[in-house]
Amino acid sequence: MTMTTTTTTDAVGPDGNPLALKRTARVTGVLYLGLAITGALSFLLIRTQLFDAGDPNSTLANLTERSGLARLGIALEMGTVITQALVAVWFYRLFRSVDSFAAGSLAAFGLVNATIISGSAAMLAAAVDVAGDTPHTAAGGSAGTAQLLYELSGHLWGESEQSSSVFG
């Protein structure tokens, strides 16, 4: 009884090594899991504990009373930026041998998304700073300014929930 093994040339890495493709796919999967975890923790868990869409004063109170949680949320959002950028690059590596244009488009979309999330993190950091330093606030006061920055951050994430007026 003889045993034979076959390998297909369809699923090989850029260097012709099928194991390289498998390794790239595994790394891409781990990075994608990291993106899901950091994104869920920052946006779905921490944000919901700090931001009250209907009450700017409540958002301000949450930011000042739970500044450590707010800073953890910013750090996790930056983790989302890093994992999003890495996922974009690794998806390119994974799919470039199949269709280089589609792989490049996927990478470009992922990198743009990482840039947008970075802007959201910057606004959250500004909201935390404004909450603790009233001379840097806009006409709506600390509460209105912090609320506005969270609203802008949410729009960068694609959140379309309508809330009450920030200043009224």
**Study point:** Sequence of Arg26, Arg47 from largest to smallest accessible area, 1.4 Å probe
**Key:** Arg26, Arg47
Revision key, fill the gap. With all protein chains present and a 1.4 Å probe, the order of Tyr32, Tyr92, Tyr150 from largest accessible area down is Tyr32, Tyr92, Tyr150
Check your understanding: In µm²/s, what is D for the range 38-125 at 4 °C and 1.567 mPa s, where D = kT/(6 pi eta Rh) by Stokes-Einstein and Rh is the Kirkwood radius from Cα pairs?
Key -> 91 µm²/s
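The values are calculated or read from the model by the stated rules, or taken from the named source; none is laboratory data. Worth saying up front: this structure is predicted, and the values here are computed from it rather than measured. Accessible surface is based on the protein model in full, side chains and every heavy atom, while ligands, DNA and RNA are left aside. Shrake-Rupley method; radii C 1.70, N 1.55, O 1.52, S 1.80 Å.
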